[in-house]
Amino acid sequence: MECYSLLRTDVPDLIDHLGAYGEIVAPHSKGDVSYSFEVVQDSNKVVLDYDRTLLPLKKMFLPPQEKLMDFSLKSLSYTPIKLHIKPRVFFAIHSYEMQSILRLDHSMLSGQAESNYLRRRKKSRFIGISFKPDEFHFSESVGIPIEEMEGFDLYLNEVDGDYQLYVLTKNGHSLIEGFEKIKTAEPEIAEDRKFNKKIRFHYNRLPQVFQYAYHSEIWAEVASRCVGCGSCTLTCPTCFCFDVKDEVTVTAESGMRQRSWDSCMLSTFAEIAGGENFREKTINRTRHRLYRKFKYITDEEGLPWCVGCGRCTAFCPAEISLPDILNDLINEDEKAQHHHQVMA
Ligand code: SF4
Ligand code: SF4
């Protein structure tokens, strides 16, 4: 693996150099306290030190709202929307965010691939960056260290305020070809980055905890605080549920079909014709959300479908913490195990 040193002050020049490949998308400040992935207009405005963006990178591959087709009810025909997708470089991406894209690949491309997602995903290049975990990140507990480089073409590791640039793929090599402000270096490890938030069990034990947690009283306690706003799922990088709606013009001659993000935490999500609702109560929705992250898909794929970004906790108005729920379930599981041993 090639490793180079890069001065922090030369990063804007690197971004400009990458622009030869295509559009650059990178974190930008939004107001005083928030960050957002945006198309770069000025490389000096890219933020290198950020905790997390409000919306995940998913929005670039699966937009919050997307028109899919126009249709005519007169001629009973439809015209799919043509996408014009440029090659894109996603710059300064944290490891948990990259892992969320790899999980979305599985969700959107297994079986019949979702064609718009696939087209956006092709020709994408990813450049990772290290970060300092805050009180909400817990990605290490779900198997994703800060320096996890899977999926990246290049990776910027901060050491003493400047960067080490790792070249991880052939595409990464092509991206930096001709960029002269880097020097060959020996890889170094930064020691000052630790996770504050942890899950007490290794993540591969969580499906077993969930196997016995369905009737836990913890769900009711969490549900009693939840206001059902849906922020936790709408900001989650691995949630992919959407709704599809047709809008017909007043003349009833034509219309358009639109897809938009949906949330299993919203009370209407599981509502069907006749007013029936499969998950009418908040407790059912709360439990379902966590089982989707740590049991249902995990049983099939062997990985948690949570990447530990901390968004669902950081942006929850009721301060409901996902790792705290997990640790409470683990404590309860341990007590139950102890009880069984004493009684045996
Ligand atoms: S963000 Fe918090 S309050 Fe809103 S639905 Fe999720 S858990 Fe409930
Ligand atoms: S469940 Fe929460 S911590 Fe896990 S990936 Fe989704 S938003 Fe991030």
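Comparing Lys197, Lys181, Lys58 in a Gaussian network model of the chain, where Cα atoms under 10 Å apart are tied by springs, the biggest mean-square fluctuation is seen for Lys181.
Tell me, His339, His17 in order of fewest to most beta-carbon neighbours within 10 Å? Mind showing how you got there, number by number?
Details: His339 10, His17 18.
So the residues, fewest neighbours to most, are His339, His17.
Across the range 1-87, the fraction of Cα-Cα pairs farther apart than 15 Å, rounded to a whole number, is 71%. Considering only alpha-carbon pairs that sit under 8 angstrom and 6 or more positions apart, the relative contact order computed for the chain is 21 percent.
So what does log10 I(q)/I(0) come out to for the range 197-344 at q = 0.12, 0.16, 0.18, 0.19 Å⁻¹, using the Debye formula with one equal point on every Cα and no solvent? Listed by q, the Debye log ratios stand at -0.58, -0.92, -1.11, -1.21. A Stokes-Einstein calculation at 37 °C with viscosity 0.692 mPa s, built on the Kirkwood radius of the chain over Cα pairs, returns a diffusion coefficient of 148 µm²/s. Between the alpha-carbon centres of the range 242-289 and the range 1-77 there is a gap of 29 Å.
Once backbone amide H atoms are built at 1.01 Å from N, Glu135 has no partners under 5 Å, excluding neighbours fewer than 5 places away on the same chain.
Would you mind working out the magnitude of the charge dipole of the chain relative to its Cα centre, with +1 at each Lys and Arg C-beta and -1 at each Asp and Glu C-beta, to the nearest 20 Debye? Present the calculation step by step, with values, prior to reporting the outcome.
Numbers: 42 positive and 50 negative charges, 226 e Å.
Around 1080 debye, computed over the chain.
A Förster radius of 25 Å, combined with the Cβ-Cβ distance separating Thr184 from Asp49, puts the computed FRET efficiency at roughly 0.45.
Checking Cβ-Cβ separations below 4.7 Å across the chain identifies Cys3, Cys226, Cys229, Cys241, Cys264, Cys306, Cys309, Cys316 as cysteines lacking any candidate disulfide partner.
Taking the Cα centre of the range 84-197 as origin and assigning +1 to Lys and Arg Cβ atoms and -1 to Asp and Glu Cβ atoms, the resulting dipole is close to 900 debye. Along the axis of the charge dipole computed for the chain (Cβ charges of +1 for Lys and Arg, -1 for Asp and Glu, origin at the Cα centre), the listed residues Val142, Ser77, Ile93 are led at the positive end by Ser77.
A simple spin-label model places the labels of Leu73 and Met1 5.8 nm from each other, with each point 7 Å out along Cα-to-Cβ.
Relative contact order for the range 82-228: 23 percent, from Cα pairs under 8 Å spaced at least 6 residues apart, divided by residue count.
With charges only on Cβ, +1 for K and R and -1 for D and E, what is the dipole size of the range 132-255 about its Cα centre, in debye, rounded to 20? Provide the component values of the computation, followed by the final result.
Details: 12 positive and 22 negative charges, 106 e Å.
In total the dipole reaches around 500 debye.
We did not get these values from a lab; they are worked out from the coordinates using the rules stated. Please read all numbers here as calculations on a predicted model, not as lab measurements. So basically every Cβ, Gly included, is an ideal-geometry build from the backbone, and we count neighbours across all protein chains shown.
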